[in-house]
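I am attaching a structure below and will ask some questions about it afterwards.
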Amino acid sequence: MIEFIATTSDFIGKLLIAYTALRVHHRFLSEHKVDRLVFRAMKREQRLGILGIIFIVAGYLLKIAL
């Protein structure tokens, strides 16, 4: 059960980081400028990236705890 949670946390973390990276690149390509709305979206996506890192670390800690 812990192995499943660790693997799932790792997967969710990697997925969140990949998503945030793709969103930032897409926003720059589509907007062609950086304004308040772009900065607000980037901050939101940065929080998702941090959450992804937390999931990856949690998955790693669970795996080494086994």
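The values are calculated or read from the model by the stated rules, or taken from the named source; none is laboratory data. Just so you know, these numbers come straight off a predicted model, no measurement behind them. Cβ coordinates were reconstructed from backbone atoms using ideal geometry, including for glycine residues, and neighbour counts include every protein chain displayed. In case anyone asks, the SASA skips ligands and DNA or RNA and just uses the protein heavy atoms, side chains included. Shrake-Rupley method; radii C 1.70, N 1.55, O 1.52, S 1.80 Å.
Just name the residue that is most open to solvent (accessible area, probe 1.4 Å) out of those in the range 1-14 that are touching a helix residue (DSSP H, G or I) at 6+ places or on another chain (Cβ under 7 Å) and under 13 Å from PHE55 (Cα atoms).
Looking only at the range 1-14, we keep the residues that are touching a helix residue (DSSP H, G or I) at 6+ places or on another chain (Cβ under 7 Å), and these are 2, 5-7, 9-10, 12-14.
Narrowing the set further to residues that are under 13 Å from PHE55 (Cα atoms) leaves 5-7, 9-10, 12-14.
Details: ILE5: 73, ALA6: 0, THR7: 65, SER9: 16, ASP10: 30, ILE12: 61, GLY13: 0, LYS14: 115 Å².
Ranking the candidates gives LYS14 first.
Can I ask one more? Considering each of ALA6, ALA21, ALA41 in turn, give the residue that is assigned to a helix (DSSP H, G or I) and in contact with a Phe, Trp or Tyr (Cβ under 8 Å, 6 or more places away or on another chain).
ALA6
Another question about this same structure. Can you tell me which of ARG27, ARG47 is among the basic types (Lys, Arg), in a helix (DSSP H, G or I) and either open to solvent by less than 90 Å² (accessible area, probe 1.4 Å) or modelled with pLDDT under 85 (or both)?
Being among the basic types (Lys, Arg), in a helix (DSSP H, G or I) and either open to solvent by less than 90 Å² (accessible area, probe 1.4 Å) or modelled with pLDDT under 85 (or both) holds for just one of ARG27, ARG47, which is ARG27.
Before we move on, is ALA65 small (Gly, Ala, Ser), open to solvent by 70 Å² or more (accessible area, probe 1.4 Å) and modelled with pLDDT under 85?
yes
Taking the condition of being open to solvent by 90 Å² or more (accessible area, probe 1.4 Å) and β-branched (Val, Ile, Thr), how many residues in the range 30-44 meet it?
So the answer is 0.
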